[in-house]
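Following: one structure in structure tokens, then a few remarks.
The values are calculated or read from the model by the stated rules, or taken from the named source; none is laboratory data. Remember, predicted model here, so these are calculated numbers, not experimental data. Using ideal geometry, Cβ is built from the backbone for each residue, glycine included, and neighbour counts are taken over all protein chains shown.
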Amino acid sequence: MKSFKLGEDGDLVIQDGELLMVEGDEELLQCIRIEFSTYKGEWFLDSNMGVDYYGKILVKSPNYAVIKAELTAAILREPRIRTVDQIEFVNFDRAKRVLSIKFKATAWNGRTLESSEVIPGAG
């Protein structure tokens with residue numbers, strides 16, 4: 001698939017007056033980033049999209065197993081992902097509200113995807 005490229009701020013990327021496109025693994029990872037950056041219930045067309053930050057992550061006593069399960073479910077909502085093979089917490093700074101993870105997943109085409117993601121507003 002091809003999609004418009006999004007920058008770190010979530011805006012469309014324009015270079016030399018042209019909208020940039022992404023495809024392949026980069027496009028697939030961008031779709032997962034969109035899932036991570038959406039609060040569950042935020043998008044009215046799909047209330048299941050996103051991560052349940054308020055119910056499972058931004059809680060008084062966060063449970064890492066519950067957080068890992070929620071992030072795994074978010075990755076698996078992308079229909080081109082077959083399995084989530086690993087999620088590692090790199091940094092969970094609740095004071096700065098930042099969650100950094102590394103994950104490894106296998107797509108339906110057999111390709112392995114690895115990514116490090118910083119999820120602002122989640123800590």
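Please identify the pairs in which a residue from the range 90-101 that is aromatic (Phe, Trp, Tyr) has its Cβ atom under 6 Å from the Cβ atom of a residue that is at pLDDT 80 or above, counting only partners at least 6 apart or on another chain. Every condition considered, the pairs that remain are PHE92/LEU99. Just one residue in the set VAL84, VAL66, VAL51 is of a type outside the set (Lys, Arg), touching a residue at least 60 places away in the same chain (Cβ under 8 Å) and touching a helix residue (DSSP H, G or I) at 6+ places or on another chain (Cβ under 6 Å); that residue is VAL51. Among the listed residues MET1, MET21, which satisfies the condition of being farther than 18 Å from SER116 by Cβ, among the aliphatic types (A, V, I, L, M) and in contact (Cβ under 8 Å) with a residue 24 or more places away in the chain? Of MET1, MET21, the one residue that is farther than 18 Å from SER116 by Cβ, among the aliphatic types (A, V, I, L, M) and in contact (Cβ under 8 Å) with a residue 24 or more places away in the chain is MET1. Criterion applied to GLU8, GLU18, GLU23 was being at pLDDT 95 or above, farther than 26 Å from ASN109 by Cβ, acidic (Asp, Glu) and surrounded by fewer than 17 Cβ atoms within 10 Å (Cβ to Cβ), and the one residue passing it is GLU18.
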